[in-house]
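Before any comments, here is the structure.
The values are calculated or read from the model by the stated rules, or taken from the named source; none is laboratory data. No experiment lies behind these values; they were computed from the predicted model shown. Here the Cβ positions follow ideal geometry from the backbone for every residue, glycine too, while neighbour counts run over all protein chains shown. Just so you know, the surface numbers come from the protein's heavy atoms only, side chains and all, with ligands and any DNA or RNA stripped out. Shrake-Rupley method; radii C 1.70, N 1.55, O 1.52, S 1.80 Å.
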Amino acid sequence: MSSLKSELTFNFENASVVMIDSSPLFIEVLTGILSGCGFRRMYRCSDLVSGTDTVKTHSVDLILIDPYAYGDAAYNFIQWLRSERRGPNAAVPVIILTAYTYVRLITVARQCGADYVIAKPFSTSGLLERILYVAESEGRRGELLAPPELVSSSGSGMEMW
Amino acid sequence: MSEQPKPGLTRFFGAPGGIGVEEACARAAHNVEALSDRALGQIRDCLVDIAAMTIENAGPPNGKQRRDLHQLSCTIAGLGGMFGRDALSKAAYSFCRLIDETEPGWDAASAVVHVRAMQLLSTPERATLEAQESIIEGLKKVRKHLSAHR
């Protein structure tokens, strides 16, 4: 993973991001990070029903989801998203955020079409770095050749892709 | 001939009125810091609930309590390191692993060790960084010992 590009600038004011997390406080943490990065159009979803409705009715640029509270339904949601090939959001970057990483999660994440798995806790720069990385990788899903496992130096679990 | 619009988020790269990475990170960190009191309060509440189901409860947790313990620990694991308590996150993660690795059984002593560790690490100024790392290594050894004897 390359370090953040110091010369890069971005204006995410008109970018739309969907956050799906059962923790209201963590949604606020994500909101704080994303608003600091310039995002203004943020859809906060505490469950998959509202997340699905949002994706069905809006064109979005990024999805952040913590699957912990939803189990397999979260991965089914991502798989469904990817299957909607003619939909506006079929190729949108999806980043899984989770405090509990385990080997099966990584396999399932790859299979359902997620772009990245980030272990909570993460730094603000860490999340931004991954957002910029998946933004530049959009459309090349499946071609990523990152090592299968990276031990995060700042998180409790493992950062993988 | 006009350029094709860039796909996805990259169309916002280099857009007028943009900010750089350093400024974005500084703003984001400031916003997160503003949530510190609430986050630490939630961590405290989670620890109280965990202690009630482990240290203060003689018997093993039932199925629902087990799931609750796992969720509470995950909450701590997710928040701790974002608010200056990285070792607490690791201890909470270890407790989640313990819950899974001992299922369907339960090892009360190992659970109590984890809960006590989390309580200590929730106030990081009570232990040096070296001591915190030593505690985390100790928790790994506890789980390793359990696995070896299952």
Taking the condition of being surrounded by fewer than 19 Cβ atoms within 10 Å (Cβ to Cβ) and in a loop (DSSP other than H, G, I, E, B), how many residues in the stretch B:110-150 meet it?
5
Only one residue in B:ILE43, B:ILE50, B:ILE55, B:ILE99 is farther than 30 Å from A:PHE12 by Cα and either outside any helix (DSSP H, G or I) or at the interface with another protein chain (Cβ under 7 Å from one of its Cβ atoms) (or both). Which one?
B:ILE55
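Per-residue answers, yes or no, for (1) among the basic types (Lys, Arg); (2) closer than 14 Å to A:PRO121 by Cβ; (3) more than 14 Å from the chain's Cα centre (by Cα):
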{"site": "B:ILE55", "(1), (2), (3)": "no, no, yes"}
{"site": "B:LEU69", "(1), (2), (3)": "no, no, no"}
{"site": "B:SER73", "(1), (2), (3)": "no, yes, no"}
{"site": "B:ALA91", "(1), (2), (3)": "no, yes, no"}
{"site": "B:PRO104", "(1), (2), (3)": "no, no, yes"}
{"site": "B:ALA148", "(1), (2), (3)": "no, no, yes"}
First in the stretch B:89-117 and touching a residue at least 24 places away in the same chain (Cβ under 8 Å), second anywhere and of a type in the set (Phe, Trp, Tyr) and open to solvent by less than 10 Å² (accessible area, probe 1.4 Å), Cβ under 8 Å, 6 or more apart:
B:ALA111/B:PHE95; B:HIS114/B:PHE95; B:VAL115/B:PHE95
If the requirement is being over 25 Å from A:ALA119 (Cβ atoms) and among the basic types (Lys, Arg), which of these qualifies: B:ARG66, B:ARG44, B:ARG11?
B:ARG11
Just checking, which of A:VAL60, A:VAL55, A:VAL49 is open to solvent by less than 30 Å² (accessible area, probe 1.4 Å) and away from chain B (no Cβ under 14 Å)?
A:VAL55
Residue list for the stretch A:4-25, filter: surrounded by 15 or more Cβ atoms within 10 Å (Cβ to Cβ) and not in a loop (DSSP other than H, G, I, E, B):
A:THR9, A:PHE10, A:SER16, A:VAL17, A:VAL18, A:MET19, A:ILE20, A:LEU25
Condition first: of a type in the set (Gly, Ala, Ser) and either in a loop (DSSP other than H, G, I, E, B) or crowded, with 17+ Cβ neighbours inside 10 Å (or both). Can you find one or more residues in the stretch B:60-73 that meet it?
yes
Hey, A:SER83 hits all of (1) open to solvent by less than 10 Å² (accessible area, probe 1.4 Å); (2) without any contact (Cβ under 8 Å) to a residue 60 or more places away in the chain but one; which does it fall short on?
(1)
Conditions: (1) touching a residue at least 40 places away in the same chain (Cβ under 8 Å); (2) touching a Phe, Trp or Tyr at 6+ places or on another chain (Cβ under 9 Å); (3) at the interface with another protein chain (Cβ under 7 Å from one of its Cβ atoms). A:PHE26 meets all but one. Number of the miss?
(2)
